[in-house]
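Below: one structure, written as structure tokens.
The values are calculated or read from the model by the stated rules, or taken from the named source; none is laboratory data. Because the structure is a prediction, the values reported are computed rather than measured. Cβ: placed from backbone, ideal geometry, glycine included. Neighbour counts: every protein chain shown.
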Amino acid sequence: MQSVVAAKPASSSLWRSIKRYKSVYILASLSFIYFIIFKYIPIWNAQIAFRDFQALSGVVKSPWVGLKNFSDFVHSYYFWELIRNTVFYSIGKMVFSVPAAVFLAIALYECRVFWLRKTVQTMAYLPHFLSWVIMYAILLAILSPSNGILNDIIKAFGGESISFMTDTRYFPWIVILSDMWKETGWSAIIFLAALMGIDPTLFEAAAVEGASAWQRVRYITLPAIRPVLVMVILLRLGTVLDAGFNQIFMLYSLPVYSVADIIDTWIYRQGLLEFRFGLATAVGLFKGFFGMILLMFSNKLIKRYTDTGLY
């Protein structure tokens, strides 16, 4: 009886809170509705991975094949090539982009010329808001073998034009460097926010003691952003099987498939172009499962090195 009586005030208080902040709850409910419709309900269709899916038969009536789709992927000729390319681009982007973002954040933080800092910030952030369709057009204008700016310079010095976009030697570098160009400014925001939290008196004390600018960065700035840096790196490791579908899809072509094809682009071709929905879904589950394992592993490492975690 006491528990029932005690529960009434709590429930009425909750209802009053909902009525008072109904606009906030309505706004938050949009996110829940989105995830329910586009994330949780489609989980039912994930069973396609274990079936020989036939559109006319539907999900439930399609023949059950167990782990055959997973086996076909693991034993396919392209399996190790896809894993290699996906991991290579993910790690390569992290190795180049994270240090560049840290360097840019520190440079912006140390800059005392207001107009210069704002100009560099704007120019660095702008590429993030451009789609890869536009970025591809820009890269084509620079790297085109016929009238690209870079090839014009090479030919002006007596060299021969290079087909950068269709050459397996250059294509991986184009992917990594173009991603760094597009995302470094946006990635620097989180490091810049961490720098804003450093106590200014630490720099003042270091300056009084005669510390140089490099020593202040080495002994104050970098240790202060270390927890954020570790978390960003480990989160990137947790999504190592996401190499950037939009970018690769826009940039790659048949001559560079051997070094450009990643798991996501292969899923696209198998599922939407060849109508092998069961195989494509199985590969998606494979990727999601190992992504979850890597994320859990990354969370443990984050807790070990930063005394905090994702959950």
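For the reader, a short list of remarks on this structure follows.
- Residue in region 50-63 that is among the hydroxyl-bearing types (Ser, Thr, Tyr), over 19 Å from Gly271 (Cα atoms) and modelled with pLDDT of 85 or more present: no
- The criterion of being within 29 Å of Gly291 (Cα to Cα), surrounded by fewer than 16 Cβ atoms within 10 Å (Cβ to Cβ), in the same structural domain as Pro227 (by TED's automatic domain parsing) and at pLDDT 90 or above holds for Val87.
- Tally of residues being at pLDDT 90 or above and surrounded by fewer than 14 Cβ atoms within 10 Å (Cβ to Cβ) across region 72-82: 1
- Whenever a residue of region 150-165 is of a type in the set (Ser, Thr, Tyr), its partners that are in a loop (DSSP other than H, G, I, E, B) and crowded, with 16+ Cβ neighbours inside 10 Å, lying with C-beta atoms within less than 6 angstrom and at least six residues away or across chains, give the pairs Ser161/Pro145; Ser163/Pro145.
- Residue within region 111-126 that is within 18 Å of Asn246 (Cβ to Cβ) and in a helix (DSSP H, G or I) present: yes
- Those helices (runs of 4 or more DSSP H) of region 191-291 in which 1 or more residues are surrounded by 15 or more Cβ atoms within 10 Å (Cβ to Cβ) and touching a Lys or Arg at 6+ places or on another chain (Cβ under 7 Å) occupy 200-208, 263-268.
Condition check ((1) aliphatic (A, V, I, L, M); (2) in contact (Cβ under 8 Å) with a residue 60 or more places away in the chain) across all residues:
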{"position": "Arg236", "(1), (2)": "no, yes"}
{"position": "Leu241", "(1), (2)": "yes, yes"}
{"position": "Leu251", "(1), (2)": "yes, yes"}
{"position": "Ile262", "(1), (2)": "yes, yes"}
{"position": "Trp266", "(1), (2)": "no, yes"}
{"position": "Gln270", "(1), (2)": "no, no"}
{"position": "Gly291", "(1), (2)": "no, no"}
